[in-house]
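Structure first, commentary second.
The values are calculated or read from the model by the stated rules, or taken from the named source; none is laboratory data. Given the structure is predicted, the values throughout are model-derived calculations rather than measurements. Cβ: placed from backbone, ideal geometry, glycine included. Neighbour counts: every protein chain shown. Keep in mind that these areas ignore ligands, DNA and RNA; they rest on the heavy atoms of the full protein, side chains included. Shrake-Rupley method; radii C 1.70, N 1.55, O 1.52, S 1.80 Å.
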Amino acid sequence: DELRAEVESALAAYEDALAESGGPYLLGQDFTLADLHVIPFLQRLVITFQHWKGYELPEEKFPNLLRWLDSCLERTSVR
């Protein structure tokens, strides 16, 4: 539970940034290097937590972050 709380606290910064930018990307309407640099980290974090800890990021806490990750992973430039 302590690890979960620490991770959720750290990810709240991304959730807040997406809310402040108006999204759908970290800096607003444009997909930038900021997004490109964060995608691999979050993708691996989500997969690792699901596989090893049985933990999924709660959609009610991270709606913008999960929507952002899905949008990024759908981009041809990211696949």
- Item | Among residues of region 27-44, those that are open to solvent by 30 Å² or more (accessible area, probe 1.4 Å) and within 18 Å of Ser9 (Cα to Cα), counted | 3
- Message: Quick check on my filter: what residues within region 45-57 are more than 11 Å from Glu15 (Cβ to Cβ) and either of a type in the set (A, V, I, L, M) or not in a helix (DSSP H, G or I) (or both)?
- Response: Leu45, Val46, Ile47, Gly54, Tyr55, Glu56
- Name every residue in region 22-44 that is assigned to a helix (DSSP H, G or I) and either within 14 Å of the chain's Cα centre (by Cα) or touching a residue at least 24 places away in the same chain (Cβ under 8 Å) (or both), in order of residue number. Ala34, Asp35, Leu36, His37, Val38, Ile39, Pro40, Phe41, Leu42, Gln43, Arg44
- Query: If you go through region 45-79, how many residues are of a type outside the set (Val, Ile, Thr) and surrounded by 16 or more Cβ atoms within 10 Å (Cβ to Cβ)?
  - Reply: 9
